[in-house]
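The values are calculated or read from the model by the stated rules, or taken from the named source; none is laboratory data. The structure displayed is predicted, hence computed values, not measured ones. Every residue, glycine among them, receives a Cβ derived from its backbone with ideal geometry; neighbour counts consider all protein chains shown.
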Amino acid sequence: MRSNKAISMFLAFLIIVSTPFILYLNGLYLLLFNPVFYSWGFERNQVYNRYSNRSIPDATAKQLIEYFKSDKQDLPDIDLFDQKEKEHLLDVKFLIKQSLDNYFSFLLMSLFCFLLLYFLNKKKFVKKIGYLFLFGGLTTLFVTIVLIISSIKFDWIFTRFHLVFFPQGNWMFPNDHNLIMLFPKSFFFEGFAVVLFISLIQSFLLLLISSLLIIKYQEKNNKILLKKQKVFK
């Protein structure tokens, strides 16, 4: 019994820790592969005003989405960018692929943990899901609040992120380069804010679902107790 309890606690820990990563990556990929987000970002950051034709940023965004989705491991075939910009985009593509692999790993691990928890204790499985969603949602909510506060120093976060993931230093370009004209730092700040907002929504949804599951379990448990009381009477 003690071993089962220890295993259940370990599995629950893995699920709770994985939840923020899964929710944040959900939000990230909702934006990364969404042309509407790029158009919204271009509009807000006056990117369209920097080009003679409004279709140039939109067409480039679609090309980038197709490139990031593809299995190609070579430089993007986008004429708007020079060699160094294309090399950086290739590095970005590798980072996206790695994060996607991690995303599916977290998902599969969580599903496997849920499956094991079900077989360890089928009777209390609904209750466990409820509490796992509760603590997973609260953990994501806490981390999101910390990130919102940290966004005050977004320039520092932005720089550190690039230093860690692009240590070769090929991410710095003059302001007249198309990569900077299309995607100024403010574009990434707003994307960061949207991802945090999506994560907040997902957190509250998890908390709502957890409440419903816990209430459902308690109601079912109360009915069983009432039946037992009637039998003993």
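Can you tell me which residue within the stretch 160-171, out of those that are surrounded by 14 or more Cβ atoms within 10 Å (Cβ to Cβ) and of a type outside the set (A, V, I, L, M, F, W, C), is farthest from F192 (Cα to Cα)?
Ranking the qualifying residues of the stretch 160-171, first place goes to N170.
Determine if the stretch 24-35 includes at least one residue that is surrounded by fewer than 18 Cβ atoms within 10 Å (Cβ to Cβ) and farther than 23 Å from E190 by Cα.
Checking the stretch 24-35: not a single residue is surrounded by fewer than 18 Cβ atoms within 10 Å (Cβ to Cβ) and farther than 23 Å from E190 by Cα.
Condition first: in contact with a Gly (Cβ under 8 Å, 6 or more places away or on another chain) and closer than 22 Å to F197 by Cα. Now tell me which residues in the stretch 24-60 satisfy that. Working first, answer last.
Taking the stretch 24-60 and keeping what is in contact with a Gly (Cβ under 8 Å, 6 or more places away or on another chain), we get 31, 37, 41, 47.
Of everything in the stretch 24-60, those that are in contact with a Gly (Cβ under 8 Å, 6 or more places away or on another chain) and closer than 22 Å to F197 by Cα turn out to be L31, F37, G41.
One residue is enough: does the stretch 166-177 have a residue meeting the conditions more than 20 Å from P20 (Cα to Cα), in a helix (DSSP H, G or I) and not β-branched (V, I, T)?
Within the stretch 166-177, not a single residue is more than 20 Å from P20 (Cα to Cα), in a helix (DSSP H, G or I) and not β-branched (V, I, T).
Could you list, in sequence order, the residues of the stretch 38-63 that are within 16 Å of G191 (Cα to Cα) and either in contact with a Phe, Trp or Tyr (Cβ under 7 Å, 6 or more places away or on another chain) or crowded, with 17+ Cβ neighbours inside 10 Å (or both)?
Hits for the stretch 38-63 are Y38, G41, F42, N45, V47, A61.
When residues of the stretch 139-155 are filtered for being at pLDDT below 90 and either over 13 Å from F192 (Cβ atoms) or outside any helix (DSSP H, G or I) (or both), how many remain?
0
Determine which member of the set S151, S110 is surrounded by fewer than 15 Cβ atoms within 10 Å (Cβ to Cβ), closer than 30 Å to L208 by Cα and small (G, A, S).
On inspection, the qualifying residue turns out to be S151.
Which helices (runs of 4 or more DSSP H) does the stretch 1-117 wholly contain that include 3 or more residues that are of a type in the set (S, T, N, Q) and modelled with pLDDT under 95? Step through it out loud before you land on a result.
Working: elements: 2-32, 35-44, 55-69.
Filter on the stretch 1-117 gives 2-32.
Before we move on, is S70 of a type in the set (S, T, Y) and touching a residue at least 12 places away in the same chain (Cβ under 8 Å)? Outline the logic, then answer.
Working: of a type in the set (S, T, Y): yes; touching a residue at least 12 places away in the same chain (Cβ under 8 Å): no.
When the stated conditions are applied, S70 does not pass them.
Read through the list (1) without any contact (Cβ under 8 Å) to a residue 12 or more places away in the chain; (2) in a helix (DSSP H, G or I), then give the number of the only condition that K123 fails.
Among (1) without any contact (Cβ under 8 Å) to a residue 12 or more places away in the chain; (2) in a helix (DSSP H, G or I), K123 violates only (2).
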